[in-house]
1. Of everything in region 178-216, what is within 25 Å of Asp128 (Cα to Cα), of a type in the set (Gly, Ala, Ser) and free of Cβ contacts under 8 Å to residues at least 60 places away in the same chain? Give them in sequence order.
2. Can you spot a residue in region 161-176 that is over 19 Å from Arg40 (Cβ atoms), away from the ligand (no atom under 16 Å from the Cβ) and not hydroxyl-bearing (Ser, Thr, Tyr)?
3. What about Ala8, is it within 14 Å of the ligand (Cβ to nearest atom), of a type in the set (Gly, Ala, Ser), outside any strand (DSSP E or B) and closer than 18 Å to Arg95 by Cα?
4. What's the number of the condition Thr123 fails, among (1) at pLDDT 95 or above; (2) over 30 Å from Arg3 (Cβ atoms)?
5. Hey, any hits in region 168-188 for a residue that's within 29 Å of Ile92 (Cα to Cα), touching a helix residue (DSSP H, G or I) at 6+ places or on another chain (Cβ under 8 Å) and assigned to a strand (DSSP E or B)?
6. For region 179-206, give me each residue that is surrounded by 15 or more Cβ atoms within 10 Å (Cβ to Cβ) and hydrophobic (A, V, I, L, M, F, W, C).
7. Out of the residues in region 98-113 that are within 14 Å of the ligand (Cβ to nearest atom), more than 21 Å from Thr175 (Cα to Cα) and not aromatic (Phe, Trp, Tyr), state the one that is surrounded by the most Cβ atoms within 10 Å (Cβ to Cβ).
8. Inside region 74-158, counting only helices (runs of 4 or more DSSP H) that do not spill past its ends, which hold 2 or more residues that are free of Cβ contacts under 8 Å to residues at least 12 places away in the same chain?
Amino acid sequence: MSRPVIIAIDGTFASGKGTLAGKLADHYGFDHLDTGRLYRAVAQTVLTRGGDPDDAATATGAARTLDIALLDDPVLKSGPVGAAASRVAMHIPVRQALRDFQRDFATDTARKGAVLDGRDIGTVICPDADVKLYIDAKPEQRAQRRYAELTGYGEDITYESVLTQLRERDHRDSTRAVAPLKPAKDAHLIDTTGLSVDGVFGQAVRLVDAIMSGSRARRKPPGTGMRSTPDS
Ligand code: C5P
């Protein structure tokens, strides 16, 4: 049996990639994995234990013993957990510990299709994905969206501090040595600045439909797994 159709979505913080991934999964009847939640869950485990997210041994221990039930915990959405997530994500063994879970999700033949969103899906986790999208928007607009979201959760925070943290997060994610945030060479870029959720979704569906109808005939034979030499 061949692996499911894989849609890989990467992009910057608060670019709208998570919302888009969920909508695409619903639209095509695929399953969705928000891979940021894995890093957030590791970070939350470290924080709960009073550990330091910058300490590789502590973060790796949390990743290797991660309780998947934690992925649904609403606390993962908070600002401090997100900031700690980008710190634990810098450790190579943490990324290795989470890699198989993501690949297994993407290639589970029981699924019709899988949509994964994160920072390194098209470059490292699923370099052979059928469709790769890279989502970005101007920092000010992303900060505005995130500010509205966090204040909606009751967090006491200013727009300026959200913008500052967002720039720090972008910098950390895109300059780290391992699996840095960057578009895959064959990714399709969507700039969501000034676009509504439905506008972004419409653009993405047109792209996915066009790519899938063109690639159906060229789908790889069963048994062809992930490429072993990803481009980062
Ligand atoms: O997307 P989200 O804000 O939930 O991700 C939290 C952090 O987890 C990111 O800032 C990034 O450092 C890390 N992450 C990652 N690779 C992924 C998903 C998230 O490094 N595939």
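The values are calculated or read from the model by the stated rules, or taken from the named source; none is laboratory data. Bear in mind the structure is a predicted one, so any value in this text is a computation, not a measurement. All Cβ positions, glycine included, derive from the backbone under ideal geometry; neighbour counts span all protein chains shown.
1. Gly202, Ala210, Ser213, Gly214
2. No; the residues of region 161-176 include none that is over 19 Å from Arg40 (Cβ atoms), away from the ligand (no atom under 16 Å from the Cβ) and not hydroxyl-bearing (Ser, Thr, Tyr).
3. In short, no.
4. Against the list (1) at pLDDT 95 or above; (2) over 30 Å from Arg3 (Cβ atoms), Thr123 comes up short only on (2).
5. Scanning region 168-188 turns up at least one residue that is within 29 Å of Ile92 (Cα to Cα), touching a helix residue (DSSP H, G or I) at 6+ places or on another chain (Cβ under 8 Å) and assigned to a strand (DSSP E or B).
6. Once the filter is applied, which keeps residues that are surrounded by 15 or more Cβ atoms within 10 Å (Cβ to Cβ) and hydrophobic (A, V, I, L, M, F, W, C), region 179-206 yields Ala179, Leu181, Ala184, Ala187, Ile190, Leu195, Val200, Phe201, Ala204, Val205.
7. In the first step, residues of region 98-113 are kept if they are within 14 Å of the ligand (Cβ to nearest atom); the result is 98-103, 105-106.
Narrowing further to those that are more than 21 Å from Thr175 (Cα to Cα): 100-103, 105-106.
Next, from what is left, pick out any that are not aromatic (Phe, Trp, Tyr): 100, 102-103, 106.
On the way: Asp100: 10, Gln102: 21, Arg103: 16, Ala106: 27.
Ranking the qualifying residues of region 98-113, first place goes to Ala106.
8. In region 74-158, 92-107, 139-152 are the helices (runs of 4 or more DSSP H) which contain 2 or more residues that are free of Cβ contacts under 8 Å to residues at least 12 places away in the same chain.
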